[in-house]
Amino acid sequence: MFEYDTIEVSEYNIQEYTHNSISIEQLETGFKFLGLPKGVFARYLDSHRLAVSLKAYSLKHMSKNRDSEDQLLASASLTESHILSVKAPIFPDVVLMLPFDYILSKLTHPSELAASSLGNDEDTQEPVIDIDAIVHSLSPPECFGKTSQEPRNSSCLTPEALPSSPDPNFTPAKSAKRALQLASEENNGDTDAVWSINRFASDFLVGLFQRESVDDYSVEGVGQLGTLITNLVAKLRQTCSAYPGYGMHKKVIELKKMLCQCLLIKGHGEDCIEYSSIPHGVSKVTIITEWRKACERIYKRAVSKLSFTGVGNGVTSVITDSRCNGHITQLGSFERPVRLPAAIKGAKRAGAGRDPNVLLLTEVEDNYYNMAENVVIPKAHKKTYIKRLKTKIQSIPPDQKGVPLTDDSDGEGGDDTMGSRGSYAAAVVGIGASLKAVDMVVTGKCVNVFCAIRPPGHHAGLELRPMQAVSNGFCLFNAAACAAIYATTPLSQGGLGLRRVCVIDFDVHHGNGTQDILCSTYDPRYLYVSIHAGGAHINGFEDEGSEDESFRHLLGGRKTEGIFPGRCGDTSPHKGVLNIPLGQKVTASAMGSALVSQVTPRVEEFSPDLIILSAGFDAHENDPLGMGGLSAADFGSVTEVACQMAYKTCSGRILSVLEGGYGIPCCRPRNDLFLPTTSEERLLDLGEDLPSNMDDEVHYTLRQKLDKCHEEGFLECVQSHVQSFVKCNIRK
């Protein structure tokens, strides 16, 4: 895209090209994080079109270098060149001399492309330029206008080289045609055609349903899928017919029953496939993928047909509770009580409480509080940890605040996690809010939910100071982990019975507590993804048997050699964890690259039934921690990417819980009379969202850091986050 006189050869500047196809949506998303003008996107798209075509050509038609890494290094040193120059393919001159400018000029311009299909489970893939076909067209007999009868050589192509559609018979283009045909038939009253299983299942899957028997194939198992999906569609059709005569309460109940049945049958069908005899030459993975898509299409049809104002499709909710304000930290803490009123203010700016389809729910019901305290929290945290924390908080006098809550028997580890008599109820009600959010999203009351709660939770693990962290990092109970556990708990045990939940954590710190609870060992129900500041080059490399903790520092405290919580986020221990450390400071370009090239493929492969975001906004460029370079708009883009993943895998089911983010200007006048005053003191006006009895004592030095947050800070980040949820709350 740009010309350079010289470029430094390094791992940062020269990296492996990860794209294998052209997805317009993914390229649009990645482009947002680059900070480039919108007019440059056409060149950005063309550069990827060219790169993908060259990569495809090299994989298909050029032999790979079989030398070992040591041999390549030796060759590079002999020629005084970088190893990447030795590993890179050397294209034939005829390929490099092709008129690429002319070829690219004939492709569809971005301005002519259809708008992003957010809300659709089908990706918009563009065909890859076939360079080999172009080269062959320059030689006889093609150059004479005749067609060669000999097949072209594709000797180097392997199944792993380039991904193919799981089902070539059900492509996005064909899906679009079906959608138009469906709308036409529905308008013409052709109801039988509208409710045919062919409207939900691919031709490939329908073919398996109709196949009776061959030598190595048993209809038992896979054959049952046809019966399951037929009965499910019939049930939905029956519900839709009776739905207009129901009252509002009855409608909500029927919507919940229908959607939960969709997800239960989806899981049951996966079990049938796993234990079935599969036809020779057919991939079990392909069958499972198509089965999941079919069930999610029925889910979306149900939501579309059974929604009404304030419930279902097009609805976003914000959940909070004033009891969270009872957690009062000490003077000088980054985790100030005003974070919650600021978050609510940001959500209101995004329409919460004003738009009938953006609900502001200000109370967590007793049943969710009791479920959190008595059922879910004991599954996420050890009883010894819960008892220690509860006893400690109960011993705090009612008028005292800023008391260490997570210190051990030696008095260590409590310097940054302090609270008051109301901290236990605040933490439990935060868990209750996350459980309520799971219920609302999965049962179709809304598409997505933001939980404005505190204290945060992603550093709270099974036990005190998880994964050898030096403290609990402001956290008491883990809302994201508890929500995931509740969602995957069987119906018979009071949960929702989902098969897979993905937690994506974009707080600037690694969520060691969430990883400790969900993924201390591999559990196929969970995928934990964390994009954070850190890395082995910052935290140091693991020295087996070493107990030296000097490289770590308290969250928001004095920095030494490493980044809180330490080395635990520098590597991924198994396939249920994807840790992506981004160095000393999280930048927008690094975040965007990680989301598009690493997170999206892994999440789509995992295919979750629900996505939970640990939404920390402390990677903002004005946050007092000083560890990020993101803008509020960047956080909106991160949210949109996550929503797109949700639409591709689980019909848009996604919720977020508030974690970090401390860039809130002072909300109360100073009372430090012995320090010099400025002529004009700027305060953040939170209006009625700031309780009259809430103090906001901030050290003079921290006040100075927070002044720049008047321009943009935590409040704007929450606003952008919720706005993106609202933008993405329509299922198609």
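The values are calculated or read from the model by the stated rules, or taken from the named source; none is laboratory data. None of these values were measured; they are calculated from a predicted model. With ideal geometry, Cβ positions are generated from the backbone for all residues, glycine too; neighbour counts draw on all protein chains shown.
Considering Ala352, Ala347, the condition of being assigned to a loop (DSSP other than H, G, I, E, B), in the same structural domain as Arg454 (by TED's automatic domain parsing) and closer than 30 Å to Gly495 by Cβ is satisfied by Ala352 alone. Contact map, segment 223-240: residues that are in the same structural domain as Val206 (by TED's automatic domain parsing) paired with residues that are of a type in the set (Asp, Glu), Cβ distance under 7 Å, separation 6+ or inter-chain. Pairs shown: Thr239/Glu254. Is it the case that segment 363-386 has a residue that's without any contact (Cβ under 8 Å) to a residue 60 or more places away in the chain, out of contact with any Ser or Thr (no Cβ under 8 Å at 6 or more places or on another chain), aliphatic (A, V, I, L, M) and closer than 30 Å to Gln468 by Cβ? Yes, some residue in segment 363-386 is without any contact (Cβ under 8 Å) to a residue 60 or more places away in the chain, out of contact with any Ser or Thr (no Cβ under 8 Å at 6 or more places or on another chain), aliphatic (A, V, I, L, M) and closer than 30 Å to Gln468 by Cβ. Here is the figure for segment 356-368: residues that are within 17 Å of Gly495 (Cβ to Cβ) and surrounded by 14 or more Cβ atoms within 10 Å (Cβ to Cβ) total 1. Scanning segment 209-245 for residues that are under 25 Å from Leu259 (Cα atoms), assigned to a helix (DSSP H, G or I) and modelled with pLDDT under 85 turns up Phe209, Val222, Gly223, Gln224.
Restricting segment 27-80 to residues that are among the charged types (D, E, K, R) and farther than 30 Å from Ser637 by Cβ, the residue that is modelled with the lowest pLDDT is Arg66.
Annotation: of all residues in segment 321-344 being polar (S, T, N, Q) and not in a helix (DSSP H, G or I), the one that is modelled with the highest pLDDT is Thr329.
Looking at segment 703-717, which of its residues are farther than 14 Å from Asn671 by Cα and part of a helix (DSSP H, G or I)?
Listed by number, the residues that qualify are Gln704, Lys705, Leu706, Asp707, Lys708, Cys709, His710, Phe714, Leu715, Glu716, Cys717.
What do you reckon, is Val318 part of a strand (DSSP E or B) and closer than 26 Å to Ile654 by Cβ?
Against the criterion (part of a strand (DSSP E or B) and closer than 26 Å to Ile654 by Cβ), Val318 qualifies.
Give me the pairs, please: first residue somewhere in segment 517-536 and among the aromatic types (Phe, Trp, Tyr), second residue anywhere and part of a loop (DSSP other than H, G, I, E, B), beta-carbon distance under 7 Å, and either six or more positions apart or on two chains. Cβ pairs passing all conditions: Tyr522/His574; Tyr522/Lys575; Tyr522/Gly576; Tyr526/Gly576; Tyr528/Gly576.
Is segment 703-715 home to any residue that is surrounded by 15 or more Cβ atoms within 10 Å (Cβ to Cβ), in contact with a helix residue (DSSP H, G or I) (Cβ under 7 Å, 6 or more places away or on another chain) and within 20 Å of Asn325 (Cβ to Cβ)? Checked segment 703-715: at least one residue is surrounded by 15 or more Cβ atoms within 10 Å (Cβ to Cβ), in contact with a helix residue (DSSP H, G or I) (Cβ under 7 Å, 6 or more places away or on another chain) and within 20 Å of Asn325 (Cβ to Cβ). Picking from residues in segment 597-621 that are at pLDDT 95 or above and under 22 Å from Ile538 (Cα atoms), the one that is farthest from the chain's Cα centre (by Cα) is Glu621.
If the condition is being modelled with pLDDT of 95 or more and of a type in the set (S, T, N, Q), then segment 524-542 contributes only Ser530.
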